[in-house]
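The values are calculated or read from the model by the stated rules, or taken from the named source; none is laboratory data. None of these values were measured; they are calculated from a predicted model. Virtual Cβ from ideal backbone geometry, glycine too; neighbours counted across all protein chains shown. We work out accessible area using only protein heavy atoms, side chains counted, and drop any ligands, DNA or RNA first. Shrake-Rupley method; radii C 1.70, N 1.55, O 1.52, S 1.80 Å.
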Amino acid sequence: MSQVEKHSFQAEIQQLLSIVIHSLYTNREVFVRELISNAADACEKLRFLQTSGQLAGVEGTSGPAISLVSDEAAGILTITDTGVGMTRDELVANLGTIAHSGTKAFLKALAEKQQGADGKLIGQFGVGFYSAFMVAKKVTVFTRSQTLGAEGWKWESDGGEGYSIEAAVDVAAGTKIVLDLKDDAREFATDARLETIIKQYSNFVTFPIELNSKKINTIQAIWARSKNEVKDEEYLEFYKYIGHDFEAPRYRLHFTADAPLSIQALLFVPTRSFELPGMGRTESEVHLYCRKVLIEAKPKHLLPEWLRFVRGVVDCEDIPLNVSRERMQDSELLRKLNRALTNRFLKFLAEEAEKSPDTYTEFYAQHARYLKEGILADTEHSAAIAKLLRYESSATEAGKKTSLAEYVKRMPEGQTEIYFLLAGDRAAAEASPYYEVFQARKFEVLFVEDPVDEFVLDRVREFEGKSLKGAERADLKLETPGAGALSEEDAKSLSTWLKETLGEDVEEVRSSERLVDSPVVVVERDSFMTGSMRRTLKLMGQDRSGGFEQAPDLEFNPRHPVVVRLQSLRTSDAETAGLVAHQLLDQARLAAGLLEDPRAMLKRLNQLLSKVVGVPSAAAPSEPAPTT
Ligand code: ADP
Ligand code: MG
């Protein structure tokens, strides 16, 4: 005759259960994840015992599996596995005491909170087996160990003070857990709800999971397999599933690491960027697993924000299944994980760029802005990201880009800095007065089209020991200034006159040693600012000069025929000379992108044209021609 033994739960378990039963909780569905995880663990243990020869003659031939059967009408959910099962002693130890870590951690967190029942905390922690009592008024466990000749047992509890144990006949090897659902938890006996939950949390569990005889987990956790065992089609199928993308990915990185953390990761870069300009930021789509069971979908801080274009999964064994999400956010563990993943991913991109530059170019066209964002936002990695930057330059063909590393390799002797110039396009860059000295000295200049790049390269500051410098701010001189220039004395008196004539519009006027073809150029006084930067800041409403703008310096080319003529013109025809001086300044502003309103310039141009064609000054139009 079978005898019913009554047992009391350990005090901590009683405490835990009263919280579990009496509190309101936000995500009760995690109990499915917990019970399936336990079932999968039991299957795993069985497989281990079999393969290590510690267990012979296992019952059943189809291999370990997990099945769920729901009876909606009766409000019963049954979860069965053909795993190792439990002996009587194991049953008492495992389901009556608090030996395992997750529950302990939960109680500890609860004690720290000092607020008694906190439903949210239960959701955040998986409280393991006991989470069943969130939804069930009664839990019955039938189990039989796979060890030879083991007896079957029945364990039962209503989540109160204790449980009962009795021997049971006709129990299959493995474990069957029957949940008699609470009235307000009957949703967990409906097919659709269960399928969603299983797919969400347990889709990649190694063992087949059946729900009412239908197999649910059809996609394998290929990240846990070795790279050379996974076929391209499998990767593609997996990516489409996890990445919600119909296109094949541009890149895939599948890797494992043992130190400092045990990681299995499978990361993808979509072919196209999903973030549309002006449509707000997308969310990271990298999910965190622990031994194939979902810990958290899209956890924040798993990867840096600027890597949000990456999709995939990260499986880390060092994260316990029942870790608190709140704690994970600021945990040292997550920081380590973030660092390890970011470094590995950056290394991967650098290798790919080297290996197949054309594919990298396509990647760059779609995703460069994330890299640039990374440089601006992430000081820890900006140096590594800088290696991934690509720009057109005076040394590349039109349309081809180069890296900073290649630039440095090409630097001639005597060049100590890396130069870049922002201009609307290549033609504009080549025509810029700022470019002249570089062309003359055969120094390469990176042509930068996006105003953001000025800030980006400024932030990079230096590369392989060479500092990066905006061409407008470069302190460079022509090697051979050339003949036919104004004398030093003339240049000085022209400087004084120009300053007097132009007044507040310029801070200082001086003779330039870097202009070849252009007569004049403006130079920002603030050594951290360029004309275009000032313009960009203004557009963003971030110009901190507070309305007060310091006028730029004006440099003139003492070799330029117009300038040379101007020096004598200012005594022979002061009026025309004045017009020319102002016109030159506006031209220089235009080249620097600083001329906001061209109307005054047009008016002056008309006055000059009138002089050139010989219109008597009284007849000269004093207003600009209407723009039609
Ligand atoms: P954890 O999984 O963190 O150990 P749980 O509360 O989920 O904590 O489970 C407690 C223990 O009960 C497990 O460690 C395991 O030994 C045992 N157990 C639970 N479910 C099963 C099962 N389906 N088959 C065999 N053993 C189980
Ligand atoms: Mg568990």
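Quick note on the chain: its Rg to Rh ratio, both from C-alpha atoms and Rh being the Kirkwood radius, is 1.21.
One chain, two ends: Ala11 and Glu489. Fully extended at 0.36 nm per residue, the span grows by 162.3 nm beyond their Cα-Cα distance. For segment 204-326, the solvent-accessible area works out to 47 Å² per residue, with a probe of 1.4 Å and every protein chain left in place. Computed about its Cα centre, the charge dipole of segment 218-276 is approximately 80 debye, with only Lys, Arg, Asp and Glu carrying charge at their Cβ. Per-residue SASA remark: Cys290, around 10 Å² accessible (1.4 Å probe; ligands, DNA and RNA not included). The calculated 222 nm mean residue ellipticity attributable to helices in the chain amounts to -12000 deg cm²/dmol, summing -39500 (n - 2.57) over DSSP H runs of n ≥ 4 and dividing by all residues.
Classify segment 389-470: rounded, prolate or oblate, from the alpha-carbon gyration tensor (a ≥ b ≥ c, eigenvalue square roots; a/c under 1.5 rounded; otherwise prolate if a/b is larger than b/c)? Because its axes are fairly even, with a/c under 1.5, segment 389-470 counts as rounded.
Mind checking the alpha-carbon convex hull of segment 222-356 and giving the volume per residue in Å³?
117
Jot down the per residue volume, in cubic angstrom and as a whole number, of the convex hull over the alpha-carbon atoms of segment 373-412. Walk me through the intermediate numbers first.
Details: hull volume 3.1 nm³, N = 40.
Looking at segment 373-412, the number lands at 77 Å³ per residue.
For the chain, the share of DSSP beta bridges that are antiparallel, to the nearest 5, is 75%.
Sorting Val169, Val521 by solvent-accessible area of protein heavy atoms yields Val169, Val521, largest first, with a 1.4 Å probe.
Heavy-atom accessible area for Asp71, with the other protein chains in place and a 1.4 Å probe, reaches approximately 70 Å². Per-residue SASA remark: His22, around 150 Å² accessible (1.4 Å probe; ligands, DNA and RNA not included). Once the Cα atoms are used to define both axes, helix 599-613 deviates from the longest principal axis of the chain by about 30 degrees. Roughly how many nanometres apart are two label points built 7 Å out from the Cα toward the Cβ at Arg426 and Gln439? Between Arg426 and Gln439, the simple spin-label model gives 1.5 nm.
At a 1.4 Å probe radius, carbon and sulfur cover how many percent of the accessible area of the chain? Its accessible area is 51 percent carbon and sulfur atoms. Semi-axes of the equivalent ellipsoid for segment 263-324, computed as √(5λ) from the eigenvalues of its C-alpha gyration tensor and ordered from largest down, come to 25, 12, 8 Å. Between Tyr435, Leu457, Leu404, the Cα set farthest toward the positive side of the dipole of segment 389-470 (charges on each charged residue's Cβ, about the Cα centre) is that of Leu404. Angle check, please: helix 101-113 long axis (alpha carbons) against the longest principal axis of the chain (alpha carbons), in degrees 0 to 90, nearest 10. Here the helix axis deviates by roughly 60 degrees.
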